[in-house]
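Structure, as structure tokens:
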Amino acid sequence: MNKLVANAKEATKDIESGMTLMLGGFGLCGIPENCIAALVDKGINNLTCISNNAGVDDFGLGLLLQKRQIKKMISSYVGENDEFERQMLSGELEVDLIPQGSLASRCQAGGAGIPAFFTPAGYGTEVAFGKEVRYFNGKPHILESALTADFAIVKAWKGDRYGNLIFKGTARNFNPLMAMAGKITIAEVEELVEPGELDPNFIHTPGIFIQRIFQGEKYEKRIEQRTVRQRLT
Amino acid sequence: MLDKKGIAKRIAQELQHNWYVNLGIGIPTLIANYIPEGIDVEFQSENGILGMGPFPFEGEEDADMINAGKQTITPMPGASIFDSATSFAMIRGQHIQLTVLGAMEVADNGDIANWKIPGKMVKGMGGAMDLVASADNIIVAMMHTNKRGKSKLLRQCTLPLTGVRCVKKVVTNLAVLDITPQGFKLLERAPGVSVEEIQNATEGRLVVEGDIPEMQID
């Protein structure tokens, strides 16, 4: 098994306008920086992006929004991005806001061959419009469908050419779930290691879910809210 | 009247030993600073960490270690990290004993609205809908009135809902109230606040029975 490609440009070469993409990350934590930059360079548009957030004005998916490359966003939280809010309120951008846990489970279901499931989240709210309601144990639940994508793009800490991945800290978030749900899944890693170096007991994403992997470069890993405490002297 | 810290201090008194707790963004985050002595709790942040600790020391910030408010944090000894689906399994599966979140409006039947002002502000619900739909024990931490002095404790929410009939308790700068079938039941007054002031600031049904004690806060 050798899923190694040279770089983000090669990994994203057949992503075309109008496709549906999943992009891992929570805020700016654990986002595939290299592939996002490659998509900006490619200049394709009319993309549907499934991602928990939409970056900030000048980083992450915000870079694709600025260039009007995104037609529709499927997300749970889009604060912290003025351009996003402007495009959404003016109707230029289609937005499907869904509860965060439902988003996670919809990606996981898409990758796991489960077409739909019932969840209590969103019952009695706008999110439930047009969705089947069923009672289990006396409580109302709504039917949510699985999500899949033409390409899923994830970012990991370490990986090998088999596609095995390990994530670091809370950069894990949506990445392992989206990795399962892409027809083609691209993984960019901070550190590419030799097969056997990663302990099989501690693999977060088994290589079967990954079709392409490359070592990324120049990770900025921007911090959205830098909060610190004072040292007691 | 309480400030935001006071609200956090009062809610901290609700914490019980060995509870897992999810704190929302804003006032709820402050609660972690006022855990009562002898009470051991673990904080969950829905982006994927259990055992969330304090902010890092300056120079030790890690971009890969944040909470759901995207703030840099540290893990406590015994912390664990997981993906978003596992995180919401903890939440929907009712493995978390207490959820505290902010709100724009709460109705006297327990409905809550906190994610959207149509035509003006749309940030999204994040994890709030999953949290309120499943948690057994939900406390709302908020100011009693909005910036224009209008009550946020209503007969019915006017904004798009986050969840229905889910809030159990509300702690504001003026009062502690339970949600009951008869409406908001006044349990405690903030220091120096009269029952009449609370009545005037509450648009929803308010139940006042007997003498209402003042909150005990250090």
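The values are calculated or read from the model by the stated rules, or taken from the named source; none is laboratory data. Note that the structure is predicted; figures quoted are calculated from it, not measured. Cβ coordinates were reconstructed from backbone atoms using ideal geometry, including for glycine residues, and neighbour counts include every protein chain displayed.
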Are any residues in the stretch A:37-59 touching a residue at least 40 places away in the same chain (Cβ under 8 Å) and either over 16 Å from residue A:95 (Cα atoms) or not polar (S, T, N, Q) (or both), and if so, which ones?
A:50, A:56, A:59
Name the pairs whose Cβ atoms lie under 8 Å apart, with the first residue in the stretch B:49-60 and closer than 18 Å to residue B:78 by Cβ, the second in a strand (DSSP E or B) and modelled with pLDDT under 95, and 6 or more positions between them or separate chains?
B:54/A:229; B:56/A:229
In this structure, is residue A:196 over 18 Å from the mean Cα position of the chain (by Cα) and small (Gly, Ala, Ser)?
yes
Mind checking which residues of the stretch A:74-83 are within 21 Å of residue A:171 (Cα to Cα) and either without any contact (Cβ under 8 Å) to a residue 60 or more places away in the chain or hydrophobic (A, V, I, L, M, F, W, C) (or both)?
A:74, A:75, A:76, A:77, A:78, A:79, A:81
Consider only pairs whose beta carbons are under 6 Å apart and that are at least six residues apart or on different chains; among these, list those whose first residue lies in the stretch A:222-233 and is at the interface with chain B (Cβ under 7 Å from one of its Cβ atoms) and whose second residue is surrounded by 10 or more Cβ atoms within 10 Å (Cβ to Cβ) and small (Gly, Ala, Ser).
A:223/B:63; A:224/A:27
Quick test for you: out of A:152, A:156, pick the one residue that is in contact (Cβ under 8 Å) with a residue 24 or more places away in the chain, touching a Leu at 6+ places or on another chain (Cβ under 7 Å), buried (at least 19 other Cβ atoms within 10 Å of the Cβ) and in a strand (DSSP E or B).
A:156
Considering residues of the stretch B:30-52 that are assigned to a loop (DSSP other than H, G, I, E, B) and surrounded by fewer than 17 Cβ atoms within 10 Å (Cβ to Cβ) only, the residue nearest to the other protein chains (Cβ to nearest Cβ)
B:35
Applying the selection to the stretch B:130-184, what residues are in a strand (DSSP E or B), within 24 Å of residue B:120 (Cα to Cα) and within 14 Å of chain A (Cβ to nearest Cβ)?
B:163
Looking at the stretch B:76-90, I want the residues that are facing another protein chain (nearest Cβ under 8 Å) and free of Cβ contacts under 8 Å to residues at least 40 places away in the same chain and have a partner that is surrounded by fewer than 22 Cβ atoms within 10 Å (Cβ to Cβ) and outside any strand (DSSP E or B) with Cβ atoms under 8 Å, at least 6 apart or on another chain. Which pairs are those?
B:81/A:169; B:83/A:204
May I ask you to verify whether residue A:130 is more than 21 Å from residue A:187 (Cβ to Cβ), in a loop (DSSP other than H, G, I, E, B) and either in contact with a Leu (Cβ under 9 Å, 6 or more places away or on another chain) or within 9 Å of another protein chain (Cβ to nearest Cβ) (or both)?
no
Here is a list of conditions, (1) within 11 Å of chain B (Cβ to nearest Cβ); (2) buried (at least 20 other Cβ atoms within 10 Å of the Cβ); (3) more than 17 Å from the chain's Cα centre (by Cα); (4) closer than 23 Å to residue A:46 by Cα, and residue A:123 meets all of them except one; can you say which number that is?
(4)
Does residue A:53 qualify as being within 14 Å of another protein chain (Cβ to nearest Cβ) and not in a strand (DSSP E or B)?
yes
Please work out if residue B:191 is over 13 Å from the mean Cα position of the chain (by Cα), away from every other protein chain (no Cβ under 14 Å) and at pLDDT 95 or above.
yes
Which condition does residue A:177 not pass, out of (1) within 23 Å of residue A:97 (Cβ to Cβ); (2) not in a helix (DSSP H, G or I), if it passes all the others?
(2)
Residues in the stretch B:59-69 that are facing chain A (nearest Cβ under 7 Å) and modelled with pLDDT of 95 or more: how many?
6
